[in-house]
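Reviewing the structure listed below.
Coordinate-derived values only; no laboratory data. The model shown is predicted, which means the values in this text are computed figures rather than measured ones. Glycine gets a Cβ as well: all are built from the backbone with ideal geometry, and neighbour counts include every protein chain shown.
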Amino acid sequence: MQNLTYLHDIPFGEAWKRLEEALQQVGKWGRLGIEEITLDEHAIDRILAEPVWAKISSPHYHASAMDGYAVRSSDTRGADPTNPIFLKVPTQTQYLDTGDVLPEWADAVIPIENVEPLDENGILTTQARSPNTIRIRSAFTPWSNIRSMGEDMIASQLVIPEGHRLRPVDLGAIAASGHSTVRVSLQPRVAILPSGSELIPIGQPAKPGEIIEFNSLVLAGQVNSWGGLATRFPITPDNSEIIRQQVELAAQDFDLVLLNAGSSAGSEDYSANIIEQLGDLLVHGVAIRPGHPVILGLIRKTRNKKTETSGHETICVPIIGVPGYPVSAALTGEIFVEPLLAKWLGRQPDNPITIKATLTRKISSPAGDDDYVRVAVGQVEDRILAAPLARGAGVITSLSRADGIVILPRGLQGLPAGSEVDVRLYCDPEEIRQTIFTIGSHDITLDILAQFLSRHNRRFSSANAGSLGGLLAIKRGEAHLAGSHLLDTDSGEYNLAYIRHYIPEIPVMLMSLVGRQQGLIVAKGNPKNIHGLEDLPRQEVVFVNRQRGAGTRVLLDYHLELIGVNRDNIQGYEREEYTHLAVAAAVAGGRADCGLGIAAAAYALDLDFLPLFAERYDLVIPAVFYDSELLAPLFKVLRDDEFRKVVSSLPGYDISIMGQVVAKLN
């Protein structure tokens with residue numbers, strides 16, 4: 001009977017210990033094997049299974065280090081500009097090209113530029129490589145301009161240690177030491193089995209209820225980058241028997257099986273049920289977030305021996321039940337698959353660069369789980385900042401946008417903004433120094449700006465916190481700039497009053513980016529026959545709002561008050577989204593009938609748009625950064641004709657004000 005202690009979440013460390021102990025028992029806690037391969041370009045990134053010792057010295061003879069003449073250093077003694085010495089060719093000296101063998105009688109080389117070649121009549125000649133005599137005007141010490149035998153390496157010397165990942169330059173060093181083959185670790189073969197009746201292959205149009213299957217692509221990319229050999233199986237429908245057959249098939253020829261199937265505690269818990277049928281269930285659930293339903297097990301299978309002799313053998317193949325949500329699946333690869341492959345390859349597990357950073361906003365975490373939080377990272381003056389990205393096991397963009405990951409250990413129920421955290425980086429620290437960090441209002445133009453800035457060796461990292469959130473980030477010194485479109489209802493002006501109120505002590509430049517239309521985003525064909533804000537209180541109309549502090553929310557509240565509409569009568573007023581595209585997605589998905597947003601977001605999702613207001617969207621830039629080298633490419637892009645053309649092609653945008661300085665405050 002299955003040990004029920006396995007059937008609930010356990011700490012990561014305990015889960016890993018169970019896997020390690022099980023693999024030790026079956027002899028699979030170490031390098032899987034060794035193969036000898038030809039030393040060519042295909043050896044790059046392979047892991048050395050044995051140290052490489054030099055067979056020969058390099059160079060394996062005394063060689064000239066430059067073009068010149070081999071001499072006995074004693075023959076040059078006393079030479080100076082007023083007392084030159086003459087040496088006969090070839091009895092006293094001999095011409096050598098760079099790399100030529102040094103004659104046994106010679107112990108120095110005179111560079112050709114220090115030689116005056118003479119013909120048989122003692123007259124200077126242009127035949128510098130075949131004169132009759134050479135004249136020198138300086139003496140040379142023994143072993144001048146010579147590469148001595150073994151200067152680079154000496155026979156029997158260690159060239160590359162075991163466990164090293166081979167680079168192109170390593171191949172050269174191994175070849176120079178006299179080897180034509182190299183012994184490397186066998187690459188673990190990993191089978192990736194996606195299953196789910198709702199899944200469709202990449203490239204096939206997705207209908208409602210269908211999901212493009214890309215987890216196997218991400219997992220395969222991870223496996224190959226970590227030194228394994230991944231094979232993606234076709235999608236299997238939700239049928240326990242068919243999935244079991246696929247697992248058995250994979251166990252015949254692969255070292256590890258990743259089963260991306262149902263792994264919850266419900267009726268469709270295919271992974272756990274199949275593992276119990278075919279072997280040992282080691283772990284059913286790990287206390288990590290995201291990724292609770294990770295399953296670890298061993299498949300025990302009898303197969304024919306892969307030798308000429310008859311007979312059978314029992315194989316034990318580890319299997320990991322990978323959660324279906326993409327962020328959970330990717331994390332499972334990082335914390336379970338990568339260290340396991342490292343063990344099998346005989347290398348050290350990946351050890352990412354870790355830096356200290358300050359959280360830009362609070363994080364809430366479940367007390368019983370290790371919480372893995374992906375963050376965007378930027379440097380503002382001398383502070384390294386970590387902005388938590390959108391949470392959720394299904395938020396695939398958090399994977400592509402993440403610069404690093406923060407781990408909050410179990411027992412900690414979160415951290416407040418301003419806390420110092422350790423960030424394990426996914427990127428080079430130099431990239432962080434070239435990142436323009438912006439927090440504030442969302443606009444599609446910022447995404448286009450990021451694309452153009454990449455051509456100028458700048459990353460543009462934006463966190464959507466609303467216009468007011470952007471001003472507060474500048475106040476805390478957490479952003480190089482902020483997007484803002486806060487309407488002052490008394491003056492009708494944008495942003496100035498709010499800047500004076502919230503950040504009066506910080507000198508800033510207020511620069512216009514675009515003029516844009518705000519209006520109601522409605523379903524195609526406007527089936528609810530919505531014409532303006534006065535229709536929002538209708539009982540059959542469901543609205544979706546922007547978050548508090550967003551400029552769009554301020555604009556909405558202002559105009560609702562003007563026309564006398566009570567916000568309490570609007571169904572969905574409290575439902576919040578953080579971007580214009582998220583509002584459009586809510587309408588496109590049928591969660592709302594309408595929402596206030598920009599025209600470009602509506603047309604991006606093939607929705608209708610009812611224009612209501614024109615507004616100005618500005619960049620608030622602290623003066624300390626305005627003239628900085630970091631932001632110089634940004635202003636160059638704003639003047640770029642191609643960039644302006646792309647933005648002007650978006651519906652509802654006016655670029656006539658782009659780059660204009662509205663005000664210099666303080």
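How many angstrom lie between the Cα centre of the stretch 337-367 and the Cα centre of the stretch 560-600?
The distance from the Cα centre of the stretch 337-367 to that of the stretch 560-600 comes to 39 Å.
List the residues, sorted by chain then number, that are 5 or more residues from Gly414 or on another chain and whose placed amide H is less than 5 Å from its amide H.
For Gly414, whose amide H was placed from the backbone, the distant partners under 5 Å are Ser365.
Between rounded, prolate and oblate, where does the stretch 63-147 land on the alpha carbon gyration tensor, with a ≥ b ≥ c its root eigenvalues, rounded for a/c under 1.5, else prolate if a/b exceeds b/c?
oblate
Just rank Ile202, Ile212, fewest to most, by other beta-carbon atoms within 10 angstrom.
Ile202, Ile212
Can you work out the Karplus-derived ³J(HN,Hα) for every residue in the stretch 199-205? Use 6.51 cos²θ - 1.76 cosθ + 1.60 with θ = phi - 60°, whole Hz, and x for glycine or proline.
So the Karplus estimates, Gly and Pro as x, are 7, 10, x, 4, x, 8, x Hz.
Mind listing which trypsin sites (Lys or Arg not before Pro) in the stretch 1-87 are in a DSSP loop and have 11 or fewer other Cβ atoms within 10 Å?
Arg77
Let me check against my output: what whole-number percent is the relative contact order of the chain, with C-alpha pairs under 8 Å and at least 6 apart?
Averaging sequence separation for qualifying contacts and normalising by length gives 10 percent for the chain.
Less than 17 Å apart at the alpha-carbon level, and either on another chain or at least 8 residues along: which aspartates and glutamates does that give for Lys207?
Correct list for Lys207: Glu198, Asp606.
I'd like the GluC sites (Glu not before Pro) in the stretch 490-568 restricted to DSSP loop residues with at most 13 other Cβ atoms within 10 Å, sorted by number.
Glu505, Glu540
How large is ³J(HN,Hα) for each residue in the stretch 417-427, as worked out from phi by the Karplus curve 6.51 cos²θ - 1.76 cosθ + 1.60 (θ = phi - 60°), to whole Hz, x for Gly and Pro?
Result, rounded to whole Hz: 4, x, 6, 8, 10, 8, 10, 7, 7, 9, 10.
Please identify the GluC sites (Glu not before Pro) of the stretch 114-219 that satisfy two criteria: DSSP loop assignment and at most 16 other Cβ atoms within 10 Å. Which are they?
Those satisfying the criteria are Glu120, Glu151, Glu162, Glu198, Glu210.
Using the Cα gyration tensor of the stretch 354-433, with a ≥ b ≥ c the square roots of its eigenvalues, what is the shape: rounded (a/c below 1.5), prolate (a/b larger than b/c) or oblate (neither)?
oblate
Just to be sure I understand, if you calculate semi-axes √(5λ) of the Cα gyration tensor in Å for this structure, which of (i) 52, 27, 23; (ii) 61, 43, 21; (iii) 36, 31, 25 do you get?
Working out semi-axes √(5λ) of the Cα gyration tensor in Å from the coordinates points to (ii).
Name the residues whose placed amide hydrogens come within less than 5 Å of the amide hydrogen of Arg361, ignoring near sequence neighbours (fewer than 5 apart) on the same chain.
Answer set, sorted by chain and number: Gly418.
So what's the angle, to the nearest 10 degrees on a 0 to 90 scale, between helix 240-253 and the longest Cα principal axis of the chain?
Compared with the principal axis, the helix lies near 10 degrees.
How big is the gap, in Å, between the Cα center of the stretch 183-217 and the Cα center of the stretch 495-516?
48
Does anyone have the angle between helix 444-453 and the longest principal axis of the chain? Alpha-carbon axes, 0 to 90°, nearest 10?
Once rounded, one gets 10 degrees.
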